[in-house]
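Everything on this sheet refers to the single structure shown next.
Only the coordinates and a few stated rules stand behind these numbers; no lab work does. Just so it is clear, the model here is predicted, and its values are computed rather than measured. Neighbour counts run over all protein chains shown; Cβ positions are idealised from the backbone, glycine included.
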Amino acid sequence: MIVATREETATREETATRQAILARVIERIGLLTRDFAASGTYPFKSRGLTRGQMNAMFVLSRSEESSVAELAAKLRVTSGAVSQKVDALKAHGLVTSDVNEADRRGRVIRLTPQARVEVDAFERGYLDAIAPRFDSLSVRDIAELDRILSGVTLSAGATSRSPVAAIGRRP
């Protein structure tokens, strides 16, 4: 008969507690993203963009320009996948792709001015709509949440697919 030590029992209990807490955290994040998905509003809806194309648009909205390699790293896809997304977005008139003057072999990707206006307006509206959910948190609490989630998303780079990737996915 094998008898577990107190340390082994404590470790199992701690693991079970950690998993239960993690499940609650994921559920709460899911509630926020499902509210967004349920709204049915997102920029460029009439253009039928894919989730990957939308993700590229939002990454591009965070900077003035991006190289294909930078965009690939942020999206966690290959440069070939980025090229496909950029080509489709160019066809919709949402991005430009120009030769990088610093490195003539590379490309610089930018949102068009009209696309930037639409993405910025959407983000402002979404933040205005979701901000009341965070009213009970102080600025310090929100900064701590940002710090914690940054650690989670940075460590997620080790895997290309998330088991909860479908949460908040638009239809």
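Observations on the structure shown:
- For V95, the residues 5 or more places off, or on other chains, whose built amide H falls under 5 Å of its own are K90, T112.
- Gain on full stretching of the segment that runs from R62 to H92 - 0.36 nm per residue minus C-alpha separation: 8.8 nm
- Other residues within the sphere of radius under 14 Å centred on the Cβ of L31, judged by their own Cβ, net out at +2 (K and R +1, D and E -1).
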